[in-house]
Amino acid sequence: MIKEKKDIRALSRDQLRDFFVSEGDKAFRGNQVYEWLWAKSAHSFDEMTNLSKETRAMLEEHFVINHIRVDQMQRSQDGTIKNAVKLHDGLVVESVLIPTSTRTTACVSSQVGCSLDCKFCATAKLKRMRNLNPDEIYDQVVAIDNESRLYFDRPLSNIVFMGMGEPLMNYRNVLKAIEMITSEDGLGMSPRRITVSTSGVPKMIRKLADDKVRFKLAVSLHSAIDEVRSRIMPFNETFPLKDLREALQYWYQETKSRITYEYVVWKGINDTVEDARALVQFCRFAPSKVNLIEYNPIGDDTFRQADFNAIEMYREILEEAGITVTVRRSRGKDIDAACGQLANKS
Ligand code: SAH
């Protein structure tokens, strides 16, 4: 019988140390390997040059390194880069590098496909196949950090969990990935440069607060009126706005961290004064910021970007209520890399 090899990055540092002891070697060998696996992001045991040939062969016998492979890279006219990332089992996710004059942001995926059913999102049309493992999320960040250094001469500065999938439905692995991204054993990034975006799973938002996470939270709201939100984001029936709001209140009470709302204004769907007022009512309990994001068409006519006047109306009403507003232009549209367009098209 062929023994199936284990994914070595599923082991903690202590487990690796124990493994070496059980093999009659020294525990510190585990530290060396751990460093190769995370901080140095090794793709193979052969790269681990401070280990003997025998040790490397022994590791090879027991374990695999399920490193992702950037299968295809597309560059947009505006500098945005989209990676099609192949996983060890052949499935594909996408991640995006978004450059500005001062920053490089990585937009990473947390699941293959998505189990939610937002009517305006291309990823929702893909079935959710599986959750990504912590190392598969980590690798996407490393790949984009490398590209940022190569093409923009600077390291990655920010990370947003706004790629494929619902991060809070892969809670454990997302948190484990962030732990490695922020750890000195990994990439040593500040958690304040990381934003996790959720369509709003109340129970998991409370859990984030209880777990005292230090990254930022963004909520894809799109409407603060249940009837409208349920129409465009059907899971709102299960997690209505009242529950979402209570969870967010709890988040703010525990973390004192400002909440960002992502919001697209669509013609004939949520572009009235009443819609804008409901948004103010929903988010005024805590310091908030609203990103009015441009709609990226996904090839059906149900949704159309609202008129400029409607966006300005939102801006005025929000600003009057003391809520920070930004109006976001899309990036990477020409290569289907913009919000809601990730669908493994190529
Ligand atoms: N599931 C998480 C993470 C995905 S983030 C979440 O919903 O927050 C992707 C963001 O792009 C979300 O804010 C989503 O609402 C938005 N989005 C989806 N489709 C879009 C589209 N066609 N145009 C613009 N934004 C879109």
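Of all beta bridges that DSSP places with both ends in region 69-335, some 45 percent have antiparallel geometry.
A Förster radius of 45 Å combined with the Cβ-Cβ distance from Glu35 to Glu246 puts the calculated FRET efficiency at roughly 0.55.
In the chain, helices alone account for a calculated mean residue ellipticity at 222 nm of -10500 deg cm²/dmol, with every DSSP H run of four or more residues adding -39,500 (n - 2.57).
Bridge orientation summary for region 187-346: considering DSSP beta bridges with both residues in this region, about 5 percent are antiparallel.
Entry note, region 6-64: relative contact order of 33 percent, from Cα contacts under 8 Å with a spacing of 6+ residues. Ordered by solvent-accessible area of protein heavy atoms (1.4 Å probe), largest first, the residues Tyr252, Tyr171, Tyr151 come out as Tyr151, Tyr252, Tyr171. Fully extending the segment from Ser12 to Lys256 would add 84.7 nm, taking 0.36 nm per residue of separation and subtracting the current Cα-Cα distance. Which of the GluC sites (Glu not before Pro) found in region 175-236 are in a DSSP loop and have at most 11 neighbouring Cβ atoms, other than their own, within 10 Å? Those satisfying the criteria are Glu184. Under the convention that each Lys and Arg Cβ holds +1 and each Asp and Glu Cβ holds -1, the size of the dipole of region 6-64 around its Cα centre is about 180 debye. What is the angle, in °, between the Cα long axis of helix 308-320 and the longest principal axis of the Cα atoms in the chain? Nearest 10 is fine, range 0 to 90. Long axis of 308-320 versus the principal axis of the chain: about 90 degrees. Only residues of region 1-27 count here: report those whose backbone N is under 16 Å from the spot 7 Å along Cα→Cβ of Asp185, or say none. What the label zone holds, given the 16 Å backbone N cut-off, is 8-21, 27. Could you tell me which residue out of Ala306, Asn270, Ala321 lies farthest along the dipole of region 242-325 toward its positive end? Charges go on the beta carbon: Lys and Arg +1, Asp and Glu -1, centred on the Cα centre. Of Ala306, Asn270, Ala321, it is Ala321.
Placing +1 on the Cβ of every Lys and Arg and -1 on the Cβ of every Asp and Glu, with nothing else charged, gives region 193-247 a dipole about its Cα centre of roughly 340 debye.
Summarising the label geometry, the points placed 7 Å from Cα in the beta-carbon direction at Met58 and Leu91 lie 3.4 nm from one another. The long axis of helix 13-22 is offset from the longest Cα principal axis of the chain by roughly 20 degrees. Rounded to the nearest 10 degrees, the inclination of helix 28-37 to the longest alpha-carbon principal axis of the chain is 40 degrees. Protection proxy ranking for 42-52, 185-195, 78-88, using the average of other Cβ atoms within 10 Å per residue and placing the highest first: 78-88, 185-195, 42-52. Taking the Cα centre of the chain as origin and assigning +1 to Lys and Arg Cβ atoms and -1 to Asp and Glu Cβ atoms, the resulting dipole is close to 320 debye.
The values are calculated or read from the model by the stated rules, or taken from the named source; none is laboratory data. Computed from a predicted structure; not experimentally measured. We place every Cβ from the backbone using ideal geometry, glycine too, and count neighbours over all the protein chains shown. SASA here: full protein model, heavy atoms, side chains in, ligands and nucleic acids out. Shrake-Rupley method; radii C 1.70, N 1.55, O 1.52, S 1.80 Å.
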